[in-house]
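Novice: Please read through the structure below; I'll follow up with questions.
The values are calculated or read from the model by the stated rules, or taken from the named source; none is laboratory data. Being a predicted model, the structure only gives us computed values, none of them experimental. No Cβ is skipped: glycine too gets one built from the backbone with ideal geometry, and neighbour counts run over all protein chains shown.
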Amino acid sequence: MEPAILDATSEVADWDGAKQVLMEAFALSQAAARDEQPVVYVVHGDDLLGRRGAPSAMVATGLLSAARTAAIELSRQGTPVNVVAVGDATDRETLQRWISHLSEPGGPTGEVVRLDQGHLGKALP
């Protein structure tokens, strides 16, 4: 089954923008859970570290928390929910390969895979 994918890699300017993305994520996740469809949230790696401002960090870390919570809730039905953190140089082919892998039944769930180099040597959530 094709995964439900939320691309949350754009910078978010303010609280209203963050709220809009998080509400979109909620609606997408709710529909995916109902349909037993895998979910992958794509965030910018810098946002997990708060490098692009508070609103973008709220979205990225909120989605990471949502993925972990949804993974627990959906574990009985075997529906994976994961996060992919990309960087500015992450190519589309690599991203698609990881989305596909993280959507496979029986694979990891509630995890974050970092495809950017910006996290090396940092304390991470």
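Novice: Considering only residues that are out of contact with any Pro (no Cβ under 9 Å at 6 or more places or on another chain) and closer than 16 Å to Val86 by Cβ, which ones fall in segment 22-46? If you could, list the steps in order and put the result at the bottom.
Specialist: Looking only at segment 22-46, we keep the residues that are out of contact with any Pro (no Cβ under 9 Å at 6 or more places or on another chain), and these are 22-31, 33-36, 41-46.
Hits for segment 22-46 are Tyr41, Val42, Val43, His44, Gly45, Asp46.
Novice: Would you confirm, using the coordinates I've provided, whether Ala33 is touching a residue at least 40 places away in the same chain (Cβ under 8 Å) and within 15 Å of Pro108 (Cα to Cα)?
Specialist: On the way: touching a residue at least 40 places away in the same chain (Cβ under 8 Å): yes; within 15 Å of Pro108 (Cα to Cα): no.
Spelling it out, it is not the case that Ala33 is touching a residue at least 40 places away in the same chain (Cβ under 8 Å) and within 15 Å of Pro108 (Cα to Cα).
Novice: When both residues are 6+ apart or on different chains and their Cβ atoms are under 7 Å apart, which pairs have a first residue that lies in segment 40-60 and is more than 23 Å from Gln96 (Cβ to Cβ) and free of Cβ contacts under 8 Å to residues at least 24 places away in the same chain, and a second that is surrounded by 21 or more Cβ atoms within 10 Å (Cβ to Cβ) and not small (Gly, Ala, Ser)?
Specialist: Taking only residues 6 or more apart or on different chains, the pairs are Ala57/Asp47.
Novice: Given (1) surrounded by fewer than 18 Cβ atoms within 10 Å (Cβ to Cβ); (2) at pLDDT 95 or above; (3) of a type in the set (Gly, Ala, Ser), where does Gly50 come up short, assuming only one miss?
Specialist: So Gly50 meets the others, but not (2).
Novice: Filter segment 70-80 down to residues that are in contact (Cβ under 8 Å) with a residue 24 or more places away in the chain and assigned to a loop (DSSP other than H, G, I, E, B) and give me whichever is nearest to Ile99 (Cα to Cα).
Specialist: Checking each candidate, the answer is Pro80.
Novice: Oh, and also: Which of (1) assigned to a loop (DSSP other than H, G, I, E, B); (2) within 25 Å of Gln117 (Cβ to Cβ); (3) not polar (S, T, N, Q) is the odd one out, the single condition Glu104 does not satisfy?
Specialist: (2)
Novice: Still on this model: Which ones in segment 47-58 are outside any loop (DSSP other than H, G, I, E, B) and more than 21 Å from Pro80 (Cβ to Cβ)?
Specialist: Of the residues in segment 47-58, the ones outside any loop (DSSP other than H, G, I, E, B) are 47-48, 54-58.
Of everything in segment 47-58, those that are outside any loop (DSSP other than H, G, I, E, B) and more than 21 Å from Pro80 (Cβ to Cβ) turn out to be Asp47, Ala54, Pro55, Ser56, Ala57, Met58.
Novice: Based on this model, can you work out whether Ala70 counts as modelled with pLDDT of 95 or more, over 16 Å from Asp7 (Cβ atoms) and within 16 Å of the chain's Cα centre (by Cα)? Can you show your working first?
Specialist: On the way: modelled with pLDDT of 95 or more: yes; over 16 Å from Asp7 (Cβ atoms): yes; within 16 Å of the chain's Cα centre (by Cα): yes.
So Ala70 passes the test.
Novice: Read through the list (1) in contact (Cβ under 8 Å) with a residue 40 or more places away in the chain; (2) in a loop (DSSP other than H, G, I, E, B), then give the number of the only condition that Ala25 fails.
Specialist: The number of the failed condition is (2).
Novice: Tally the residues that are over 16 Å from Ala70 (Cβ atoms) and exposed (fewer than 15 other Cβ atoms within 10 Å of the Cβ), restricting the search to segment 102-116.
Specialist: Going through segment 102-116 one residue at a time, the tally reaches 2.
Novice: Looking at Ala89, Ala32, Ala67, Ala85, can you tell me which residue is in contact with a helix residue (DSSP H, G or I) (Cβ under 7 Å, 6 or more places away or on another chain) and either surrounded by 19 or more Cβ atoms within 10 Å (Cβ to Cβ) or in a loop (DSSP other than H, G, I, E, B) (or both)?
Specialist: Numbers: Ala89 fails: in contact with a helix residue (DSSP H, G or I) (Cβ under 7 Å, 6 or more places away or on another chain); Ala32 fails: in contact with a helix residue (DSSP H, G or I) (Cβ under 7 Å, 6 or more places away or on another chain); Ala67 fails: in contact with a helix residue (DSSP H, G or I) (Cβ under 7 Å, 6 or more places away or on another chain).
None of the others qualify; the one that does is Ala85.
Novice: I'd like the full set of residues that are surrounded by 12 or more Cβ atoms within 10 Å (Cβ to Cβ), touching a residue at least 40 places away in the same chain (Cβ under 8 Å) and not in a loop (DSSP other than H, G, I, E, B), limited to segment 1-16.
Specialist: Selection gives Ile5, Leu6, Ala8.
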